[in-house]
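Data first, discussion second: the structure below is written as structure tokens.
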Amino acid sequence: MLFWTAAGIGLIWFLFTSWDPEKFDKYGIKYWTGLQTTLTLVAVSIALGAIISLPIAFGRLSKNKIIGALSFSYVYIFRGTPLLVQVFLIYYGLGTFRAELDALGIWIFFRDAWNCAILAFTLNTAAYQAEILRGAIQSVPKGQWEGADSLGIPRWKTFQKIILPQALIVALRPYGNEIILMVKGSAIVALVTVFDLMGETRRAYSRTFDFQMYIWAAVFYFVIVEVLRNIWNGLELRLTRHLKR
Amino acid sequence: MTSWELLSFGDLGWGDEIASGVLITITLALATLPFGLLIGFFVALAKQSQEWSLRTAADIYTTIFRGLPELLTLFLVYFGMQIAIQKIIVILDLDISFEFNSFVAGMIALGLVFSSYASEVFLSAFRAIPLGQYEGGFALGVRKSVVMRLIIFPQLVRIALPGLANLWMLLLKDTALVSAIGLADIVRQTGIAARVTKHAFLFYGVSFLLFFVLALLSSIVISRIEAFSEKGDAR
């Protein structure tokens, strides 16, 4: 505890003494745009990933062996390899097929690091979200399905009105964790020339060789993650209040 | 050149370079594991200590290293330590030049992240062990350290194993980040090969596959260990 108090005071003192209005004018706005880039990237890929995760989750639940195997391998492959390698494979790797992609007219899409990052992140988070969704749907007891069946409720309506609301409560916490993981994971796009918060930090550091640049990035990331975590805690408390005894 | 020639071992191919990258990746992950586990275990102990300040300190530790992006932690350690050591050299007026090793930096950064996650796994495992296990041990007059070692610890490992297995997978994937500070791991070696030969898809595909194979091998080993640890579990 003493160590952390000392470290905290030291950190504030360090940031205070190395405060430089000139650098703030020059890089403050850059950090702000970087922050926006990071948040946009995460929001877009989480949303797109949620859409793609639906068919994959249903594929995992399907009784059809081929569909099950296909969606299982999708999930396993994307969860088993580093996100960084996936981004590299899409951004640098697909450059090999430039002529073919040009012929199809989609090279314009893959030329841009931003698009490639969005694509890689979406595919990656879709795999994780599919697993969250599958786990949540499977966590709903079978009796819920059977009860609805015996009341003659159509299967789709059962899913929509009975299973899904219960599943989503179970999925709430893992979804929150996934968003936080994406915020943290998004830092790697700095390595493929996207100037998000991390990218702007690296650029600022390489120009000034001032270590406070990294400290500021740490502070910003920390604040984002903590704010998200607290929002999510509040959300969970509110949505599960009927389950409290 | 064909793909096979490019991937062959020897002067022409990149096979040996990539193999050394695989070795670095595996070494780094294996070297980080014991430190991460040990620190994680002690942080978990601190989290359930009676001492208020120790508890808070441990909580701050996990909050920080779980909240920061792994890449940023890596840069903070790498550049921060470099600057710190340089300052120390200046203060002590030593006449040495020091090059901070990126392997050590990677190990420290990954160890910090791993241990903060591991402490949470250990903590929930501790909570899953009924109080009666401690009390039973004390009632038989067994010393506290022996209760810990012979009664609690074996159960703890079994309960914590699935969570730790997950963390190992995370660690393996996070090692890809050390390529950013210049360590010659899989990603960096295949990246160099891709740039030199202009066969980007081939080489990044190879690194993709290599990581996949490592994950596959890990899950086989992990399921073996889990089967072993459950042997004593009466059903």
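Please verify whether B:F153 is within 12 Å of chain A (Cβ to nearest Cβ), of a type in the set (A, V, I, L, M, F, W, C) and free of Cβ contacts under 8 Å to residues at least 12 places away in the same chain, treating the condition exactly as stated. Let's see the steps before the verdict.
Numbers: within 12 Å of chain A (Cβ to nearest Cβ): no; of a type in the set (A, V, I, L, M, F, W, C): yes; free of Cβ contacts under 8 Å to residues at least 12 places away in the same chain: yes.
The answer is no for B:F153.
Inspect segment B:169-187 for any residue being more than 8 Å from chain A (Cβ to nearest Cβ) and more than 19 Å from the chain's Cα centre (by Cα) and give the result as yes or no.
Within segment B:169-187, not a single residue is more than 8 Å from chain A (Cβ to nearest Cβ) and more than 19 Å from the chain's Cα centre (by Cα).
For B:L30, state whether it is more than 14 Å from chain A (Cβ to nearest Cβ), under 22 Å from B:L167 (Cβ atoms) and out of contact with any strand residue (DSSP E or B) (no Cβ under 9 Å at 6 or more places or on another chain). First the steps, then the outcome.
On the way: more than 14 Å from chain A (Cβ to nearest Cβ): yes; under 22 Å from B:L167 (Cβ atoms): yes; out of contact with any strand residue (DSSP E or B) (no Cβ under 9 Å at 6 or more places or on another chain): yes.
Spelling it out, B:L30 is indeed more than 14 Å from chain A (Cβ to nearest Cβ), under 22 Å from B:L167 (Cβ atoms) and out of contact with any strand residue (DSSP E or B) (no Cβ under 9 Å at 6 or more places or on another chain).
Could you pull out the residue among B:G36, B:G21 that is in contact with an Asp or Glu (Cβ under 8 Å, 6 or more places away or on another chain), in a helix (DSSP H, G or I), touching a residue at least 12 places away in the same chain (Cβ under 8 Å) and small (G, A, S)?
B:G21
Tell me the helices (runs of 4 or more DSSP H) entirely within segment B:66-152 that contain at least 1 residues that are among the β-branched types (V, I, T).
Numbers: elements: B:70-92, B:102-128, B:131-139.
The helices (runs of 4 or more DSSP H) meeting that bar are B:70-92, B:102-128.
In segment A:11-53, which residue that is of a type in the set (G, A, S) and modelled with pLDDT of 75 or more is surrounded by the most Cβ atoms within 10 Å (Cβ to Cβ)? So that I can check it myself, show each step before the final result.
Residues of segment A:11-53 that are of a type in the set (G, A, S), as a first pass: A:18, A:28, A:34, A:43, A:45, A:47, A:49-50, A:53.
With modelled with pLDDT of 75 or more added as a condition, the list becomes A:28, A:34, A:43, A:45, A:47, A:49-50, A:53.
Working: A:G28: 11, A:G34: 25, A:A43: 12, A:S45: 23, A:A47: 11, A:G49: 23, A:A50: 18, A:S53: 23.
Out of the qualifying residues, it is A:G34.
Which residues, taken from segment A:40-65, are in contact (Cβ under 8 Å) with a residue 60 or more places away in the chain and farther than 21 Å from A:L168 by Cα?
Of everything in segment A:40-65, just one residue is in contact (Cβ under 8 Å) with a residue 60 or more places away in the chain and farther than 21 Å from A:L168 by Cα, namely A:L41.
Being among the hydroxyl-bearing types (S, T, Y) and either touching a strand residue (DSSP E or B) at 6+ places or on another chain (Cβ under 6 Å) or under 29 Å from B:T175 (Cα atoms) (or both) is the filter here; which residues of segment A:41-81 pass it? I'd like the intermediate steps shown before the answer.
So the first thing to find is which residues in segment A:41-81 are among the hydroxyl-bearing types (S, T, Y), and the list is A:45, A:53, A:62, A:71, A:73-74, A:76, A:81.
Residues satisfying the conditions are A:S45, A:S53, A:S71, A:S73, A:Y74, A:Y76, A:T81.
Can you pull out the residues in segment A:182-211 that are surrounded by fewer than 19 Cβ atoms within 10 Å (Cβ to Cβ) and either on the phi > 0 side of the Ramachandran plot or more than 9 Å from chain B (Cβ to nearest Cβ) (or both)?
Answer for segment A:182-211, where residues must be surrounded by fewer than 19 Cβ atoms within 10 Å (Cβ to Cβ) and either on the phi > 0 side of the Ramachandran plot or more than 9 Å from chain B (Cβ to nearest Cβ) (or both): A:V192, A:T193, A:R203, A:S206, A:R207, A:T208, A:F209, A:D210.
Only residues in segment B:67-91 that are on the phi < 0 side of the Ramachandran plot and among the polar types (S, T, N, Q) count as the first member; pair them with residues that are modelled with pLDDT of 85 or more and crowded, with 21+ Cβ neighbours inside 10 Å, Cβ under 8 angstrom, at least 6 apart or cross-chain, and list the lot.
B:T73/B:A109; B:T73/B:L112; B:T73/B:V113
If only one of B:D59, B:D16 is part of a helix (DSSP H, G or I) and loosely packed, with under 14 Cβ neighbours inside 10 Å, which one is it?
On the way: B:D59 fails: loosely packed, with under 14 Cβ neighbours inside 10 Å.
B:D16 is the lone residue from the list that is part of a helix (DSSP H, G or I) and loosely packed, with under 14 Cβ neighbours inside 10 Å.
The values are calculated or read from the model by the stated rules, or taken from the named source; none is laboratory data. Predicted, not measured: the structure shown is a model, and the values here were computed from it. No Cβ is skipped: glycine too gets one built from the backbone with ideal geometry, and neighbour counts run over all protein chains shown.
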